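The values are calculated or read from the model by the stated rules, or taken from the named source; none is laboratory data. Worth saying up front: this structure is predicted, and the values here are computed from it rather than measured. A quick note on method: Cβ atoms are made from the backbone with ideal geometry, for glycine too, and the neighbour counts reach across all protein chains shown.
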Amino acid sequence: MFFKKVIISAKNTLKFEKMALKSIFLKRQQLNFKKSFQTNC
């Protein structure tokens, strides 16, 4: 029972980390896009 809880919490942590990484990546992409857009205009 205890191990199951640990595994579930570990999976949730991984999911959360993946989501955080994705959001950071998307924000970075948006910043890069804005920069390139400004230089092109």
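Condition test on residue 22, is it among the charged types (D, E, K, R) and at pLDDT below 95?
No; evaluated as a whole, the condition is false for this residue.
Return the residues of region 10-38 that are of a type in the set (S, T, N, Q) and surrounded by 10 or more Cβ atoms within 10 Å (Cβ to Cβ); say none if nothing qualifies. Don't jump to the end; show me each part of the working.
To start, the set of residues in region 10-38 that are of a type in the set (S, T, N, Q) comprises 12-13, 23, 29-30, 32, 36, 38.
Once the filter is applied, which keeps residues that are of a type in the set (S, T, N, Q) and surrounded by 10 or more Cβ atoms within 10 Å (Cβ to Cβ), region 10-38 yields 12, 13, 23, 29, 30, 32, 36.
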